[in-house]
1. Could you quote the convex hull projected area for the chain, Cα atoms only and averaged over all directions, in nm²?
2. If you bin the C-alpha pair distances of segment 38-90 every 5 Å from 0, what whole percents do you get?
3. What full-extension length gain, to one decimal in nm, is calculated for VAL7 and GLU81 as 0.36 nm per residue of separation minus the Cα-Cα distance?
4. Could you give the dipole magnitude of the chain about its Cα centre, charging the beta-carbon of Lys and Arg +1 and that of Asp and Glu -1, in debye to the nearest 20?
5. Could you rank ARG84, ARG13, ARG53 by how accessible they are, 1.4 Å probe, largest area first?
6. Taking springs between alpha-carbon atoms closer than 10 angstrom, which of THR96, THR24, THR72 fluctuates most in the Gaussian network model of the chain?
7. GNM on the chain, C-alpha springs below 10 Å: top fluctuator among ILE22, ILE90, ILE75?
8. If you stretched the chain out fully between SER91 and LYS27, how much longer would it get, using 0.36 nm times the residue separation minus the C-alpha to C-alpha distance?
Amino acid sequence: SHVLSEVEKVCNRVAIIKEGRIATEEKVEDLRKKSGSVVQVKFAEPVGPDAFRMPGVVSPVQQNGHLRMTVTGNIEGVLAEIARHKVADISIHQMTLEEIFMHYYEGAK
């Protein structure tokens, strides 16, 4: 199915197909655990994505006034860098199936 929010609710295993080949096939929960967390921060002052170019951080980008990144490694370094700045808002969540799919589809893995 292409309705990944529904797949996430009813399936315990998924296969991600890219260019006609299976890129991965595994339990949804295992895929989530190894794919990482999405961190989105709104800083009170300008902070560029270059501050977060470190091991375990994928694609730090500015989006709608927030800095957004995927953390696949140890999150402590990211939290330490965030703590060096004044934070207006922050959210951290495990990647959704749709985010994981896009991660594979865009070639990040």
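1. 7.3 nm²
2. 5, 22, 38, 25, 9, 0
3. Going from the current span to full extension adds 23.1 nm.
4. So the dipole magnitude of the chain works out to roughly 120 debye.
5. On the way: ARG84 170, ARG13 115, ARG53 145 Å².
Result, largest first: ARG84, ARG53, ARG13.
6. THR24
7. Result for the chain, Cα springs under 10 Å: ILE22 fluctuates most.
8. Taking SER91 through LYS27 to full extension adds about 20.5 nm, to one decimal.
The values are calculated or read from the model by the stated rules, or taken from the named source; none is laboratory data. Predicted, not measured: the structure shown is a model, and the values here were computed from it. A quick note on method: Cβ atoms are made from the backbone with ideal geometry, for glycine too, and the neighbour counts reach across all protein chains shown. Surface areas here come from the heavy atoms of the whole protein model, side chains and all, with no ligands, DNA or RNA. Shrake-Rupley method; radii C 1.70, N 1.55, O 1.52, S 1.80 Å.
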